[in-house]
Amino acid sequence: MNKDSQMRAAINQKLIEMGERERLKELLRTKLVECGWKDQMKAHCKDVIREKGLEHVTVEDLVTEVTPKGRALVPDSVKKELLQRIRAFLAQHATL
Amino acid sequence: MKMEEVSMSSLDNSKLEALAQDILSDLVEDACLGLCFEVHRAVKQGYFFLDDTDQESMRDFEIVDQPGLDVFGQVYNQWKNKECVCPNCSRSIAASRFAPHLEKCLGMGRNSSRIANRRIVTGNNNTNNKSESDQEDNDDVNDNDWSYGAEKKAKKRKSEKVTIPPFNVQHVYYLVVFVHSNKSM
């Protein structure tokens, strides 16, 4: 178990060092904007904010309310593309 | 480094797949967090609800897509709306005639200052100076010796005159008054 988490940390380290994580983030961001995810999420945020009141909203509130929905709303095609890129990276760097 | 590589290569496919999924969910969470920061900042700065409008006011600004109308729903007419208001005499003049009119009206051209003065006189003092100005008018028509295009000008005058009705009841009245006053003198 310890070995496993160590390995995960190493992979994450590598992702950041190679700049691949930034690239993936950027790709995900553009894809999510393209497919309307961002607009959906903003609409959801509006509901949450109206419910809580404009003055009392905190970042924590938003994160806890919005993140589950955000995860569910990511389209399969975007997930697939991202996974493809991640797998390719793992294949390149995990089996050296 | 060496140890990590060894441990990585010992991974089987299912573990790699789980790792990939984890990385993906990490990324998605990052995106959510970024959005939350963005929205929170917008709320606190007060510009989050700026683009909120109700359906009714949106309907007023819809693009009109009908034959014969432009995008604002107005009738497109090539000739109708092209009129300018003269800053000098504040009449509205067709755009194609505006430049020549302005030249005459402001008194910049050769013959124009006299024409402009005449217009002002006929416009303002319609009552008193009518007969005098009419005389001047005739004078102008005959006074061609110093201009180049004498015939052209004369023609133009004629056409201008045609557009104005030559006499009306008021004119006759003034004429009668004028003649009468001359007689009495």
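Some values worked out for this structure:
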| item | result |
| --- | --- |
| Any hit, the range A:26-46, residues being among the hydroxyl-bearing types (Ser, Thr, Tyr) and assigned by TED's automatic domain parsing to the domain that holds A:Leu90 | yes |
| Counted residues, the range A:9-43 - those being closer than 17 Å to A:Pro68 by Cβ, surrounded by 12 or more Cβ atoms within 10 Å (Cβ to Cβ) and more than 10 Å from every other protein chain (Cβ to nearest Cβ) | 1 |
| Residue in the range A:46-67 that is within 9 Å of chain B (Cβ to nearest Cβ) and among the small types (Gly, Ala, Ser) present | no |
| Restricting the range A:4-46 to residues that are acidic (Asp, Glu) and at pLDDT 90 or above, the residue that is farthest from B:Leu33 (Cα to Cα) | A:Glu17 |
| Of the criteria (1) more than 8 Å from chain B (Cβ to nearest Cβ); (2) more than 17 Å from A:Leu27 (Cα to Cα), which one A:Ser77 fails | (2) |
| Subset tally (residues that are within 7 Å of chain A (Cβ to nearest Cβ) and either closer than 16 Å to A:Thr67 by Cα or at pLDDT 95 or above (or both)) for the range B:32-46 | 7 |
| Helices (runs of 4 or more DSSP H) wholly inside chain A containing at least 1 residues that are touching a residue at least 60 places away in the same chain (Cβ under 8 Å) | A:2-17, A:20-34, A:76-94 |
| Residue in the range B:21-31 that is touching a Cys at 6+ places or on another chain (Cβ under 6 Å), modelled with pLDDT of 80 or more and within 14 Å of A:Met41 (Cβ to Cβ) present | no |
| Residue check for A:Val78: over 15 Å from B:Glu38 (Cβ atoms) and in contact with a Lys or Arg (Cβ under 8 Å, 6 or more places away or on another chain) | yes |
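The values are calculated or read from the model by the stated rules, or taken from the named source; none is laboratory data. Computed from a predicted model, the values in this text were never measured in an experiment. FYI the Cβ positions are ideal-geometry reconstructions off the backbone, even for glycines, and counts take in every protein chain you see.
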